[in-house]
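Here the structure comes first, spelled out in structure tokens, and everything after it is commentary.
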Amino acid sequence: MKKKTKIITSPFAYASPWILATAIGMLIAIVFFFAVNNLQREKRILTESLYNKGQAIIRFIGAGTRASMMMMGTPNPEQFQHLIEQAAGESSILYIALADNDGKIVAHSTRALVGSSLDHPLLTDAELSPVGKYHIVSDQKTNRKVFEIVAPFKPFMRGRGPFFKRHLQAMQQAEKKDSPTWQNGANPSACQPFPGKETWLPGDKLSIVVGLDMTEQDKIIQQDRYHMIYMSIAMLLVAIGGWIALLTAQSYRSSQKTIMNMRAFTDLLISRLPVGIIATNAEGHIQTFNSAAAKFTGKTPEQTIGHQQGAVLPQIQQLIPSGEHELEVLDTEILLPPDSPTPNHLRVSSVPIIDGQSNAIGRVMLMYDVTEIKKLEGQVRRHDRLVALGKMAAGVAHEVRNPLSSIKGFATLLGSRFADESEEGEAARLLINEVERLNRSITELLTYARPLPLAIVEVEIEPFIEASLKLILSDAKALGVSVHHEIAMKRTRVRLDKDRLNQVLLNLYLNSLQAMELGGELHVSVQDGPRPDTVAITVRDTGCGIAENILERVMDPYFTTKPEGTGLGLAMVYKIIDEHGGTIRIVSKEGEGTTVGITLPG
């Protein structure tokens, strides 16, 4: 029975477009209201700024007048004129004028206008406050707006300050002495009076007019107006875009749900496939990484998705062809993860993803685990070699056994001439035992197709290891190789075929010695195996090591890198361990030595 899926649809998706249009219209009205309000507020701020600037200029001129009084005793019209000209030097100040109640200009930033008449309605304003008034006028000559400030000019605190009193006293003394205080050169402290005035006292009713340029302020206001217009246009465009979006919302939602269902199905299918799948985009970032790929590479999806493939998986990145035209890479074999003691043997196919315009928009890599297949292939190859070894053994057995019989006879004769407890007698017995063991090995080689049954017995492991090492002590001493062994088992006895395992160890010892021609260290350790009732024997040397490209082939029959070797030693080792029901593993790095680990049921 197919389960029905309930589709939850938002009511907003089917709302009338007029609702959105009304909402957008209200939003535009609100934005327009706040924009106008901000424009008016900015106008007020700019007006206050100009007014404060004008007041600051008036205070500056008043301060300059007071400073002149402190130095000269009486106001110097020439210095005052110079002070106004200096104050009007800023570009935003159009003019500064000082006039009396009759409109006669006493001082002006333009010197040529001194003495002329100024027709200004605020000069005779009886209600003019001490801080003055301002208004905005248009300059007909330059066709620009002028911000004018008109204020009473009373720099001496309205005739009550100490400088004003000192000035009056000085003027009274000058009148008593009939001194010409307003003529040039008559008195060092005298000054030339203003034109048209016999005297100019700080208490005279004078007014100061400051005109400021409003060009920059008008530009700011104009920019604000443009900003308000742009905001309104933007909101209108948003309304139109929203209207169009609503008209397409339903179809978009339907297509989006279809895509989500397809993606869910695809994700489920990809996650359950036993094939490793890695998909990247055009920039090489990993987008898909299923559980099989995580198992093969040793990486989790969290460590890979969203990252550059070359950064997290450099081994796979090497398979991607470089250049403009990305080609398919089929059936490339790699080992992953590379740092694992038991890496997976993978067959990788890399295929580019092409869009409708023949552009590469990504890449998919498929990984198939062929580890078991490789093991079976190796076993078949090894079996074929062992069959060939058995056929060859039949041809050479006769030639080998005859010399062995002679060696055993001479060893028996030699041993009879020495006492049993002597070193020579022990050496003769050892020689006889080795000949017999070699004879048994030849017999087993002849019957490779029909292996002899194992003679499993309980063996004291430590004496067994020590006896096996005695066979190579002389050779080790000659090469400068130190030999060590360590027994770290809880139990002392192990079940095994003594002769065959001794043959295994001797082969491993001789290989280690041949790899340490310049000296080194041979270490043999025995300990409990990784599983219950197993024993692990490790033979480790510090020799030249084995190259990585031949490591997998060293146990194949007839494969050897030694000029005088036959390639049968490790093949026999593998067969004997396999007959015991154990496993053997060789770990080696060129230039750093070799470690052979044997695990036996015990």
Test result for Pro130, in the same structural domain as Phe153 (by TED's automatic domain parsing) and within 13 Å of Phe153 (Cβ to Cβ): yes
Kindly indicate the residue of the range 393-418 that is at pLDDT 80 or above and charged (D, E, K, R) and also nearest to Glu434 (Cα to Cα) among those meeting that condition. Lys408
Hey, does the range 547-556 have a residue that's under 49 Å from the mean Cα position of the chain (by Cα) and closer than 24 Å to Leu454 by Cα? yes
Between residues in the range 405-421 that are not assigned by TED's automatic domain parsing to the domain that holds Arg437 and residues that are surrounded by 15 or more Cβ atoms within 10 Å (Cβ to Cβ), which pairs lie under 6 Å by C-beta distance while being six or more apart or on different chains? none
Subset of the range 81-116 (residues that are surrounded by fewer than 20 Cβ atoms within 10 Å (Cβ to Cβ), out of contact with any Asp or Glu (no Cβ under 8 Å at 6 or more places or on another chain) and outside any loop (DSSP other than H, G, I, E, B)): Gln81, His82, Glu85, Gln86, Ala87, Tyr95, Lys104, Ala112, Leu113
Restrict the check to the range 462-474 and report whether at least one residue is in a strand (DSSP E or B) and buried (at least 16 other Cβ atoms within 10 Å of the Cβ). no
Might you let me know whether the range 524-534 holds any residue that is assigned by TED's automatic domain parsing to the domain that holds Leu469, hydroxyl-bearing (Ser, Thr, Tyr), touching a residue at least 12 places away in the same chain (Cβ under 8 Å) and over 26 Å from Pro463 (Cβ atoms)? no
Subset of the range 204-255 [modelled with pLDDT of 80 or more and aromatic (Phe, Trp, Tyr)]: Tyr226, Tyr230
Where Lys141 falls short, out of the listed (1) closer than 20 Å to Lys53 by Cβ; (2) loosely packed, with under 12 Cβ neighbours inside 10 Å; (3) of a type in the set (Lys, Arg): (1)
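Among Ser525, Ser588, which is touching a Ser or Thr at 6+ places or on another chain (Cβ under 8 Å), over 29 Å from Leu335 (Cα atoms) and in a strand (DSSP E or B)?
Testing whether each residue is touching a Ser or Thr at 6+ places or on another chain (Cβ under 8 Å), over 29 Å from Leu335 (Cα atoms) and in a strand (DSSP E or B) leaves just Ser525.
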The residue that is nearest to the chain's Cα centre (by Cα), considering only those in the range 30-55 that are more than 21 Å from Lys219 (Cα to Cα) and surrounded by 12 or more Cβ atoms within 10 Å (Cβ to Cβ), is Val31
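Give the residues of the range 475-486 that are surrounded by 15 or more Cβ atoms within 10 Å (Cβ to Cβ) and either touching a Phe, Trp or Tyr at 6+ places or on another chain (Cβ under 7 Å) or under 19 Å from Thr538 (Cβ atoms) (or both), sorted by residue number.
Ala476, Val481, Val483, His485, listed by residue number.
The values are calculated or read from the model by the stated rules, or taken from the named source; none is laboratory data. Everything numeric in this text was worked out from a predicted model, so none of it was measured. We place every Cβ from the backbone using ideal geometry, glycine too, and count neighbours over all the protein chains shown.
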